[in-house]
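The values are calculated or read from the model by the stated rules, or taken from the named source; none is laboratory data. Keep in mind the model is a prediction, meaning the values are calculated, not measured. Cβ atoms come from the backbone with ideal geometry, glycine included; neighbour counts cover every protein chain shown. Heads up: the accessible areas ignore ligands, DNA and RNA and are worked out on the full protein's heavy atoms, side chains in. Shrake-Rupley method; radii C 1.70, N 1.55, O 1.52, S 1.80 Å.
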Amino acid sequence: MAAQFFNRIGQMGLGVAVLGGVVNSALYNVEGGHRAVIFDRFTGIKEHVVGEGTHFFIPWVQRPIIFDIRSQPRNVPVITGSKDLQNVNITLRILYRPIPDQLPKIYTILGQDYDERVLPSIAPEVLKAVVAQFDAGELITQREMVSQRVSQELTLRANQFGFILDDISLTHLTFGREFTLAVEMKQVAQQEAEKARFVVEKAEQQKLASIISAEGDAAAAGLLAKSFGEAGDGLVELRRIEAAEDIAYQLSRSRGVAYLPSGQNTLLNLPSTIAQ
């Protein structure tokens with residue numbers, strides 16, 4: 001009896017394990033931010049898109065295909081030409097995600113690597129078409145308008161393939177060596193022109209200052225002539241006295257100057273005084 005009982009328990013445990021394995025193999029999980037498309041060996045891709053959670057499928061007959069529907073970044077470098085035939089290096093940064101309802105169509109036409117098949121094709125095409133409408137200078141001064149044009153055109157093209165572009169931005173914009181050299185030469189020429197204009201203005205100011213100084217000297221000479229005519233030698237004598245006072249004041253401040261009385265031969269009498 002005991003042997004039969006344990007044998008029956010063993011059979012039941014084996015049955016439960018087999019059943020658990022079969023059930024587990026018929027379950028799959030769809031993580032947050034993902035969706036699943038079911039491929040059926042008899043009917044092909046089903047139109048129903050499976051949401052997040054745990055779901056059943058028929059092993060061997062059906063196979064779940066998981067898609068990430070969160071926004072993903074991608075950089076697309078492009079070398080193109082402007083309206084004035086200047087080489088332009090542009091890097092386009094795109095945030096994209098698939099439209100969940102379009103996943104069966106996307107998988108049927110493009111596969112899971114739809115971004116590798118579509119974005120490297122449509123992004124350069126749209127970017128070249130837009131950049132060709134602007135000169136090199138306009139690409140710098142009207143960068144926001146260029147970005148808006150590219151965003152509008154590229155969003156329309158992406159919708160045709162079943163995915164959304166959340167953000168499009170021009171992260172890198174440079175020109176060819178010839179254009180960069182031309183810009184540098186233009187800046188140097190502008191600086192030289194500003195320097196020349198400053199020199200001319202300085203010369204004009206110096207000329208004006210010289211004219212004003214000459215006019216002042218002429219006016220002063222006229223006043224002096226008028227004063228001489230009215231005062232005669234008295235004005236000259238007054239200027240002489242003022243000059244003598246100024247000289248005497250300067251000499252009085254010098255330590256190496258001594259004053260001797262006038263009218264006495266002090267230095268001539270020194271030898272006779274020493275002899276006495």
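Residue count for region 128-158, restricted to those that are closer than 16 Å to Leu95 by Cα and open to solvent by less than 80 Å² (accessible area, probe 1.4 Å): 7. Scanning region 35-61 for residues that are part of a strand (DSSP E or B) and small (Gly, Ala, Ser), we see that the one that is farthest from the chain's Cα centre (by Cα) is Gly44.
Only one entry in Ile109, Ile58 is modelled with pLDDT of 90 or more and among the hydrophobic types (A, V, I, L, M, F, W, C), namely Ile109. Among residues of region 68-83 being more than 20 Å from Gln112 (Cβ to Cβ) and in contact with a helix residue (DSSP H, G or I) (Cβ under 6 Å, 6 or more places away or on another chain), the one that is surrounded by the most Cβ atoms within 10 Å (Cβ to Cβ) is Ser82.
Okay, residues lined up against (1) closer than 22 Å to Tyr96 by Cβ; (2) modelled with pLDDT of 90 or more; (3) of a type in the set (Ser, Thr, Tyr):
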position	(1), (2), (3)
Val131	yes, yes, no
Gln148	yes, yes, no
Thr155	yes, yes, yes
Phe161	yes, yes, no
Arg177	no, no, no
Lys207	no, no, no
